[in-house]
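J.: Below: one structure in structure tokens.
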Amino acid sequence: MSRVVVNARVVWALGMRSVRQTFRRPQLIAPIIVFPTLLLAIQTGGAGAAISLPGFPEVQSFLQFMLAGAMMQSLMLAGNSGGIALAVDIEMGFTDRLFSAPIPRFAIVLGRLAGTAALGLFAALWFLAIGLIFGAEIEGGVAGALVAILLVTAAAMAVGGLGAAIALRTGRASVVQGLFPLVFVIVFLSSAFFPQELMIEPAKTIAAYNPISFVVEGVREPIIAGIEADTTLYAVLTILGIVLVGLVLSSRALRHRLRVG
Amino acid sequence: MEGRLEMPAWRANLATIGALMARAKNELVRVPGAAIPGVLAPTIFFLGLNGVFGALTQLQGFTTSTYESFIIPISMLQGAGFTGAAAGVNLARDYEIGWIDRLLASPAPRWVLLTGTVLAASARAVIPATFVFAIALPLGAQWPGVDGLLVAYLMVVATAAVAACWSSFLALRYKSQSAAPLMQAGMLAAILLTTAYAPLALMQGWLQDVAEVNPLTEVVEATRQGFVGSVTWADTWPGIVAIVGLLAVLALLALREMRRTAR
């Protein structure tokens, strides 16, 4: 059997374990789905009148506008949860056993990221379904929905890479869990919940440079207007940038973990 | 020794409540990090919501021109909710390590044990409320006046007591710290399902209906009045009635669970 096939099988096996683990533990999936859904419902009902503000983009409803923000919040939490799960594996000694097995190191991280990507996919489908059920239209049609789903899944995997790097570096679930509030800070300081032009300083300026804003606009555009090449390209490039940072940090953290045990 | 045996019941009860509060204070002093989530979460929400939804005050129907003034009561109450929920999480932990069993074997009445937990949570709720209030003032929140501040703090400590009763009920029912998300999310949802983001008239459909019947809406409005206008008895008494009603119901539920646990 060729080396590539063997590696693919290892990634698949670890990925499936990660997916099963996530969906079997309600405490892992609940914050990723329940909390953003609750906030989506409350923010849509509470701040829905915002769409009549001058300068607000043309949208069918505030729910339609907010779907991308809810997906973004969910995928960021999924990335954090993936990091927590990896840290738990390290604490339990499972990762040590994998390190001593004749499998490539990258497969261990990639397997975990597959679980995070599955959660991102689930979040994208969940929020699109909620939007459709409650009357939001996907202006980009099926193709637009697919673009949004792909971007959310890829972004979840990219953010999961950062979570994995922190988990590998610290090896402690409590540290990764402690980053939970940071997720909210990053999401709030982006255009996830409101048009950047209408935000208040300094959040407005920070949101303009926050990479998450580029991803969220890429997810939002197909939902509220239709696919736009530039916006999608910026989102893809941003995700690739996050992947690159995640890879560098993960490989350095992995080397550190192998050194300290 | 003899004097202690002859201690009247009310004094013994007060001493027990004081001891339970002192224990909670010791936890805070010894593990200051435990208070951080209760302080951090409302602060992040305050800064985040203000930056994001600040422009909402341009809509007709807002009684204030600064969103900081509108949202600060929510953050103070959120801090109280999280602090009260933490009391339940600690109670569940105490049950898991067997400490509650020893407490229940003592001759102290059940209501005394619950009162100690609840009052400790109320006292702790002052910390996040003061922290977020201190941040809000220089950022542009209106000074609520001494009367407005007093009413706001009264609502904060009372909301923490409500949250502590709710979380104690869940802690004693499920006897596990794994019920923590239910305690925290329950309070968070209850506070957000009010006029948290916008006045009632500007809210949409279902949320408006829910906020109208949610007793915490009266508590939010009572807490908010000094920040967005002046304090009136008409805006205060519904909040007091709502909080007393919630306290009575949830305290009874928590006491019932405590008695069940003892059996």
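J.: Under the rule a/c < 1.5 gives rounded, and otherwise a/b versus b/c splits prolate from oblate, where does the protein assembly as shown land using the Cα gyration tensor? Don't jump to the answer; show the numbers that get you there.
T.: On the way: a/c = 2.26, a/b = 1.26, b/c = 1.80.
It comes out oblate by the Cα gyration axes.
J.: Relative to the present Cα-Cα distance, how much length would full extension add between B:Thr63 and B:Trp111 at 0.36 nm per residue of separation? Please report the intermediate quantities before stating the final value.
T.: On the way: separation 48, 0.36 × 48 = 17.28 nm, distance 4.19 nm.
Value of the extension gain: 13.1 nm.
J.: Could you give the distance between the Cα centres of the stretch A:166-208 and the stretch B:55-119, to the whole Å?
T.: 25 Å
J.: Within a 10 angstrom radius of the beta carbon, how do B:Asp235, A:Asp89 rank from fewest other beta carbons to most?
T.: On the way: B:Asp235 18, A:Asp89 23.
With the fewest neighbours first, B:Asp235, A:Asp89 line up as B:Asp235, A:Asp89.
J.: Continuing with this model, one more query. Inside 10 Å of the C-beta atoms of A:192-202, what's the mean count of C-beta atoms belonging to other chains?
T.: Numbers: counts 1, 5, 7, 2, 1, 1, 6, 6, 10, 2, 2.
Partner-chain Cβ atoms within 10 Å, mean over residues of A:192-202: 4.
J.: Could you give the dipole magnitude of chain B about its Cα centre, charging the beta-carbon of Lys and Arg +1 and that of Asp and Glu -1, in debye to the nearest 20?
T.: The dipole of chain B has a size of about 980 debye.
J.: Once every Cα of chain B carries one equal point scatterer and solvent is ignored, give the base-10 log of I(q)/I(0) from the Debye formula at q = 0.10, 0.11 Å⁻¹, two decimals.
T.: -0.51, -0.61
J.: Right, next: One-quarter of the Cα convex hull surface for the stretch A:29-137, in nm²? Kindly include the intermediate steps, with their values, before the conclusion.
T.: Details: hull surface 33.2 nm².
Taking a quarter of the hull surface, the average projection is 8.3 nm².
J.: Still on this structure, I have one more. Mind checking which of A:Ala235, A:Ala253, A:Pro222 is farthest towards the positive end of the stretch A:211-261's charge dipole, using Cβ charges of +1 (Lys, Arg) and -1 (Asp, Glu) about the Cα centre?
T.: So the residue furthest toward the plus end is A:Ala253.
J.: Sticking with this structure for a sec: Net charge within 15 Å of B:Leu47 by Cβ-Cβ distance, Lys/Arg positive one each and Asp/Glu negative one each, not counting B:Leu47 itself? It would help to have the intermediate numbers written out before the result.
T.: Numbers: positive: A:Lys204; negative: A:Glu201, B:Glu68.
Once positives and negatives cancel, what remains is -1.
J.: Still on this structure, please answer the following. Would you calculate the separation in nanometres between label points at A:Glu139 and A:Glu201, each defined as 7 Å from the Cα along the Cα-to-beta-carbon direction?
T.: For A:Glu139 paired with A:Glu201, the spin-label model returns 3.0 nm.
J.: Normalized C-alpha radius of gyration of the stretch A:3-260, against 2.2 N^0.38 Å?
T.: Values: Rg = 18.5 Å, N = 258, 2.2 N^0.38 = 18.1 Å.
That ratio works out to 1.02.
J.: Let me ask something else about it. Evaluate the distance, in nm, between pseudo-label points positioned 7 Å from the Cα of A:Phe23 and of A:Ala129 along their respective Cα→Cβ axes.
T.: Output for this residue pair reads 1.1 nm.
J.: With the Cα gyration tensor of the stretch B:1-157 giving a ≥ b ≥ c as the square roots of its eigenvalues, does the rule (a/c under 1.5 for rounded; else a/b larger than b/c for prolate; else oblate) give rounded, prolate or oblate? Write down the numbers at each step before the final one.
T.: Details: a/c = 3.30, a/b = 2.31, b/c = 1.43.
Prolate, because a/c is 1.5 or more and a/b exceeds b/c.
J.: Once you have the alpha carbon radius of gyration of the stretch B:32-94, what is it after dividing by 2.2 N^0.38 Å, with N set to its residue count? Could the numbers behind the result be given before it?
T.: Values: Rg = 14.9 Å, N = 63, 2.2 N^0.38 = 10.6 Å.
This ratio for the stretch B:32-94 stands at 1.40.
J.: Are there any helices in chain B, counted as whole DSSP H runs, that stretch 15 Å or more along their axis by Cα and score at least -0.5 on average by Kyte-Doolittle, and if so which? Don't skip to the answer; put the middle values down first.
T.: Working: long enough: B:9-30 (31 Å, 0.13); B:36-53 (25 Å, 1.69); B:67-96 (43 Å, 0.39); B:110-124 (22 Å, 0.85); B:126-139 (20 Å, 2.29); B:145-174 (43 Å, 1.51); B:180-192 (18 Å, 1.65); B:215-228 (20 Å, 0.19); B:233-262 (43 Å, 1.03).
Correct list, ordered by number: B:9-30, B:36-53, B:67-96, B:110-124, B:126-139, B:145-174, B:180-192, B:215-228, B:233-262.
J.: Moving on. What does the average come to when, for each residue of peptide B:43-51, you count the partner chain Cβ atoms lying within 10 Å of its Cβ? Please report the intermediate quantities before stating the final value.
T.: Numbers: counts 2, 6, 3, 0, 5, 8, 6, 4, 12.
Whole-number average of other-chain Cβ neighbours for B:43-51 is 5.
J.: Still on this structure, I have one more. Label points 7 Å out from Cα along the Cβ direction at A:Ala101 and A:Asn7: separation in nm?
T.: Simple spin-label model gives 1.7 nm for this pair.
J.: I would also like to ask the following. In chain A, which helices (entire DSSP H runs) extend 18 Å or more along their own long axis, judged by Cα positions, while averaging at least 0.5 on the Kyte-Doolittle scale?
T.: Values: long enough: A:3-24 (31 Å, 0.23); A:26-47 (29 Å, 1.44); A:62-92 (44 Å, 1.15); A:105-133 (43 Å, 1.83); A:141-170 (43 Å, 1.89); A:211-224 (20 Å, 0.93); A:229-260 (46 Å, 1.10).
Those that pass (Cα extent of 18 Å or more, hydropathy at least 0.5) are A:26-47, A:62-92, A:105-133, A:141-170, A:211-224, A:229-260.
J.: What does the helix-only formula give at 222 nm for chain A: each DSSP H stretch with n ≥ 4 adding -39500 (n - 2.57), the total divided by the residues, and the result rounded to the nearest 500 deg cm²/dmol? Walk me through the numbers before you get to the answer.
T.: Details: 11 runs with 208 residues, N = 261.
One gets -27000 deg cm²/dmol as the mean residue ellipticity at 222 nm.
J.: Can you compute the helix-only [θ] at 222 nm over chain B? Use -39500 (n - 2.57) per DSSP H run of at least 4 residues, normalise by all residues, nearest 500 deg cm²/dmol.
T.: Details: 12 runs with 205 residues, N = 263.
-26000 deg cm²/dmol, from helical runs alone.
J.: When Lys and Arg each count +1 and Asp and Glu each count -1, what net charge do the other residues less than 15 Å away from A:Gly45, Cβ to Cβ, add up to?
T.: Values: positive: none; negative: B:Asp209, B:Glu212.
Overall, the nearby charge balance is -2.
J.: I would also like to ask the following. Counting only other chains, what is the mean number of Cβ atoms within 10 angstrom of the Cβ of each residue in peptide B:58-66? Could the numbers behind the result be given before it?
T.: Values: counts 6, 5, 2, 1, 1, 0, 0, 0, 0.
The mean count of partner-chain Cβ atoms within 10 Å per residue comes to 2.
J.: In addition: Can you give me the P(r) profile for the stretch A:116-193? Cα pairs, bins 10 angstrom wide beginning at 0, each as a whole percent.
T.: 17, 39, 31, 11, 2
All of the numbers you see were taken from the coordinates with simple rules; none came from a lab. Keep in mind it's a predicted model, so treat the numbers as computed, not measured. Positions of Cβ are backbone-derived with ideal geometry, glycine not excepted, and every protein chain shown enters the neighbour counts.
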